[in-house]
1. Taking D167, is it at positive phi and of a type in the set (D, E)?
2. List the pairs whose first member sits in the stretch 148-167 and is touching a residue at least 12 places away in the same chain (Cβ under 8 Å) and under 17 Å from P96 (Cα atoms), whose second member is surrounded by fewer than 18 Cβ atoms within 10 Å (Cβ to Cβ) and of a type outside the set (F, W, Y), and whose Cβ atoms are under 6 Å apart, counting only residues at least 6 apart or on separate chains?
3. Within the stretch 19-33, is there a residue that is open to solvent by 10 Å² or more (accessible area, probe 1.4 Å), on the phi < 0 side of the Ramachandran plot, out of contact with any helix residue (DSSP H, G or I) (no Cβ under 7 Å at 6 or more places or on another chain) and assigned to a loop (DSSP other than H, G, I, E, B)?
4. So the check is Cβ under 8 Å with 6+ separation or different chains; which pairs have a first residue in the stretch 176-197 that's at positive phi and a second one that's aliphatic (A, V, I, L, M) and in a helix (DSSP H, G or I)?
5. Identify all residues within the stretch 161-176 that are open to solvent by 40 Å² or more (accessible area, probe 1.4 Å) and within 16 Å of the chain's Cα centre (by Cα); write none if there are none.
6. Considering only the stretch 177-198, state which residues are part of a helix (DSSP H, G or I), more than 14 Å from the ligand (Cβ to nearest atom) and either among the charged types (D, E, K, R) or open to solvent by 20 Å² or more (accessible area, probe 1.4 Å) (or both).
7. Check whether at least one residue in the stretch 147-168 is assigned to a helix (DSSP H, G or I), of a type outside the set (D, E, K, R) and at pLDDT 95 or above, and report yes or no.
8. Restricting to the stretch 98-121, name every residue that is open to solvent by less than 80 Å² (accessible area, probe 1.4 Å) and among the charged types (D, E, K, R).
Amino acid sequence: MLRVVVLVSGGGTNLQALIDGVQSGRIEDAQIVGVISNNAGAFALERARRAGIPGFCVSPKEYAERAEFHRALLEKLAGLEPDLIVLAGFLVNIPPEMVQTYRGRIINIHPSLIPSFCGKGYYGLKVHEAALARGVKVTGATVHVVDEGTDTGRILLQKAVEVKEGDTPEILQRRVMEEAEWQILPEAVARIAKGELL
Ligand code: GAR
């Protein structure tokens, strides 16, 4: 049984896709053993609660030093003994020690076709604003391995999504989530649980 810990910051729709995947049997031999948020008010924590999954808040605001926050996050993770860590809209830079400790076992979902619209400053709605500003006709989502860089790790899965006339960043974000993110993130976890992909 693959022990999965999901890190979140906000609404948690990608977390929900994973919860649904486990509950429906689309993801087999995996269990979400904990959800960690940097934000106590994240609706993602409510989704975890409703699914009976232990949820925790480890917020940088509660620590005077960044290093203390990093230590607290690593301690919380260690206690959950994860085989796989999923960054599902976790909008905080993760500590390099975390990459070292769990090398090759951390994956991230990014809402563009990497290497477009990724790296520092490209997160959430900003990614879709940039895609629309550039006028691309196709965008999408990427699941990749997390290394020390920002969105630089090995690409595992990608799915393309059409940009349509009249799209706003919000409309495009929703389409990318529905057609790509909520498909490829559960698929990645399902395949990793089968010993594939990673
Ligand atoms: C998702 O679109 C995810 O791809 C993005 O944040 C959103 C979180 O939504 N992540 C990044 O931009 C990471 N660079 P959710 O909380 O509803 O899953």
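The values are calculated or read from the model by the stated rules, or taken from the named source; none is laboratory data. Just so it is clear, the model here is predicted, and its values are computed rather than measured. With ideal geometry, Cβ positions are generated from the backbone for all residues, glycine too; neighbour counts draw on all protein chains shown. These area figures cover heavy atoms from the full protein model, side chains too; ligands, DNA and RNA do not enter into them. Shrake-Rupley method; radii C 1.70, N 1.55, O 1.52, S 1.80 Å.
1. So D167 does not fit the description; no.
2. Close Cβ pairs satisfying both conditions: E148/P96; T150/G119; T150/K120; D151/G119; G153/D147.
3. no
4. L197/A188
5. Those that are open to solvent by 40 Å² or more (accessible area, probe 1.4 Å) and within 16 Å of the chain's Cα centre (by Cα): Q173, R174.
6. Listed by number, the residues that qualify are E187, R191, A193.
7. no
8. Those that are open to solvent by less than 80 Å² (accessible area, probe 1.4 Å) and among the charged types (D, E, K, R): none in the stretch 98-121.
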